[in-house]
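The values are calculated or read from the model by the stated rules, or taken from the named source; none is laboratory data. Since the structure is predicted, the reported quantities are computational estimates derived from the model, not experimental observations. Note that each Cβ is placed from the backbone with ideal geometry, even for glycine, and that neighbours are counted across all protein chains shown. Each accessible area value is taken on the protein alone, full model and side chains, heavy atoms only, with ligands, DNA and RNA left out. Shrake-Rupley method; radii C 1.70, N 1.55, O 1.52, S 1.80 Å.
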Amino acid sequence: YMEQKIKLIWDFRGPDALKIAEHHVIHLDEYKAVHDLEANETGVEQKSELYAIAYFIVSKAQMPAVRDALKPHRGEFCD
């Protein structure tokens with residue numbers, strides 16, 4: 001049984017969206033290292049020229065603590 005994974009998402013819009021998302025992931029990775037969450041995936045997706053996201057995939061059990069600490073804009077269940 002695989003525990004349900006949740007993708008926490010930060011949305012960035014504008015001409016610098018990708019650059020800001022890439023910078024945000026640096027902070028997500030720092031949080032990951034400090035809280036021993038190295039197995040968790042982080043990343044950036046460019047959705048369009050003016051829209052990019054940074055994301056942090058966590059287990060359902062980890063989600064409340066990470067959500068409260070990092071204040072994502074939204075979350076969605078992973079397939």
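Can you tell which of Ala39, Ala33 is more than 9 Å from Leu8 (Cβ to Cβ) and at pLDDT 95 or above?
Ala33
Within region 40-79, can you find the residues that are open to solvent by 80 Å² or more (accessible area, probe 1.4 Å), under 12 Å from the mean Cα position of the chain (by Cα) and closer than 20 Å to Glu30 by Cβ?
The answer is Glu41, Arg67, Lys71, His73.
Could you pull out the residue among Lys32, Lys5, Lys19 that is among the charged types (D, E, K, R) and within 12 Å of Leu70 (Cβ to Cβ)?
Within the list Lys32, Lys5, Lys19, the selection yields Lys32.
Among (1) touching a strand residue (DSSP E or B) at 6+ places or on another chain (Cβ under 9 Å); (2) under 22 Å from Asp79 (Cα atoms), there is one condition Ile20 misses while meeting the rest; what is its number?
Looking at each condition in turn, Ile20 falls short on (2).
Among the strands (runs of 3 or more DSSP E) lying completely within the chain, list those that include at least 1 residues that are hydroxyl-bearing (Ser, Thr, Tyr).
42-48, 51-59
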